[in-house]
1. For the stretch 77-132, which residues satisfy the criterion of being closer than 14 Å to residue 7 by Cα and aromatic (Phe, Trp, Tyr)?
2. Would you please list the contacts, defined by Cβ atoms under 7 Å and residues six or more apart or on different chains, that run from a residue in the stretch 125-140 that is of a type in the set (Gly, Ala, Ser) to a residue that is crowded, with 18+ Cβ neighbours inside 10 Å and part of a helix (DSSP H, G or I)?
3. Looking at residue 374, is it of a type outside the set (Lys, Arg), on the phi < 0 side of the Ramachandran plot and modelled with pLDDT of 90 or more?
4. Does the stretch 333-382 hold any residues that are among the aromatic types (Phe, Trp, Tyr) and touching a Gly at 6+ places or on another chain (Cβ under 7 Å), and which are they?
5. When you look at residue 330, is it crowded, with 18+ Cβ neighbours inside 10 Å, at pLDDT below 95 and among the hydroxyl-bearing types (Ser, Thr, Tyr), yes or no?
6. Under the condition of being among the β-branched types (Val, Ile, Thr) and under 30 Å from residue 261 (Cα atoms), which residue from the stretch 101-148 is farthest from the chain's Cα centre (by Cα)?
Amino acid sequence: MLIAYLLVISILAGQLIKIPVFGVQGPTLLDLLVLALSLIGIAKLKFKLQKPNKLLKIGYLFTGVGILSLIVTPLSLNFPEYLSSFSYTLRFFVYILFAHIIFSGAFEDFRKRIKETLIYSGVGLAVLGLIQFLILPDLMFLQPFGWDPHYFRTVSTFLDPNFAGAYFVLTLLLLTSLRGHEVAAAIPKKIASSFTLLAMTIVYLALLTTFSRSSYLMFLVSGISLAFFQKSKKILLGTFILFIGLLIGFQIYTQAVATPRGINREQSASFRLSTWQQGLTIFQHSPLMGVGFNTYKFAIREYNLSDSQFLESRGSTTNDFSLLYVLATTGIVGLTVYLLFILHLPPVAILGLLIHSIFANSLFYPPILLWLILFSIKKESI
């Protein structure tokens, strides 16, 4: 139980607790906890880990490709820049290692509570997000720290409506796919179904108020996919009805909030197109192995693809399109391995995330990555 509680707390901490080792970048509380649990797990198992399954094997292989791409990078990097880039390869490795340790039986009690952990973290984020939406709707004060100045949008502790929205969709998928008594073993069966309905309502409202179009699309694709895999007309109908609700909410937001304040949502779409072109340009400089995993910002600087103001922003460290980010930084080799990796992730979740990741680099966002690999090692589908 302790590990489950700690993980829920660290996910809920989001971006609020962070060690800025490399400027604005650095490990979060979740990163540090996963690392600590990995070290404890290795000691508990006495380094005797089970033979990894295909997902874990390919995850380790991608880590190797990431390291190799840094070794052969065509960029002129100094030691701190190499270290900064390698730290993110190391983080990916630690998350895969943590999943391997759980797979090997180090924390068997926690493994039985993975679903509860993921649900509680999602509902908790939704509650915190709705409180933020009501009490602190104007986030202009975060702009000097590199965050977008969102207004009347639920960002929760992730401080980003797109990443928060994706996590809310994953939570809704899990709540929809489970029977009431499976949501939480600690809740009496008599009120389990009521709790599930309440939880889904809270998370849906949080998703609605992100006003994140990419998250709405993820909801539609994942909902249709879940209905298909479970052969459920009820889920399909519910998905369409709730999606229409999201569209209506977005239209109200546009007319009542965005337009009067001069918030141009089309400008963000134009910016994403620019970043896609940027990523393709970087890929063309080193198509086979890329420019080095997580050296994206340094590639922009070296190839003069943007101004100094953009390089100082958080958006310069990655591309909005996850697969294009992989292609640009690890090349054709890295993208091939990574596609094999995601083929072994929960199909319904990954189908929606692939759509979402076209507009935000959600596949590499740590809480989402952890969600995917933890659910995968339970040997269940969603």
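The values are calculated or read from the model by the stated rules, or taken from the named source; none is laboratory data. This one's a predicted model, so the numbers in the text were calculated from it and none came from an experiment. When we count neighbours, we look across all protein chains shown, and the Cβ atoms used for this are built from the backbone with ideal geometry, even at glycine.
1. Within the stretch 77-132, 95, 98, 107, 110, 120 meet the criteria.
2. Here the result reads 126/168; 126/202; 126/203; 126/206; 129/156; 129/164; 129/206, each pair linking the stretch 125-140 to a residue that is crowded, with 18+ Cβ neighbours inside 10 Å and part of a helix (DSSP H, G or I).
3. yes
4. 341
5. No.
6. The extreme case among them is 135.
A quick yes/no check of all residues on (1) under 22 Å from residue 376 (Cβ atoms); (2) of a type in the set (Ser, Thr, Tyr); (3) assigned by TED's automatic domain parsing to the domain that holds residue 160:
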{"site": "7", "(1), (2), (3)": "yes, no, no"}
{"site": "11", "(1), (2), (3)": "yes, no, no"}
{"site": "40", "(1), (2), (3)": "yes, no, no"}
{"site": "54", "(1), (2), (3)": "yes, no, no"}
{"site": "60", "(1), (2), (3)": "yes, yes, no"}
{"site": "66", "(1), (2), (3)": "yes, no, no"}
{"site": "73", "(1), (2), (3)": "no, yes, no"}
{"site": "90", "(1), (2), (3)": "yes, no, no"}
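Per-residue answers, yes or no, for (1) at pLDDT below 95; (2) in a helix (DSSP H, G or I):
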{"site": "122", "(1), (2)": "no, yes"}
{"site": "126", "(1), (2)": "no, yes"}
{"site": "154", "(1), (2)": "no, no"}
{"site": "162", "(1), (2)": "no, yes"}
{"site": "176", "(1), (2)": "yes, yes"}
{"site": "181", "(1), (2)": "yes, yes"}
{"site": "191", "(1), (2)": "yes, yes"}
{"site": "206", "(1), (2)": "no, yes"}
{"site": "221", "(1), (2)": "no, yes"}
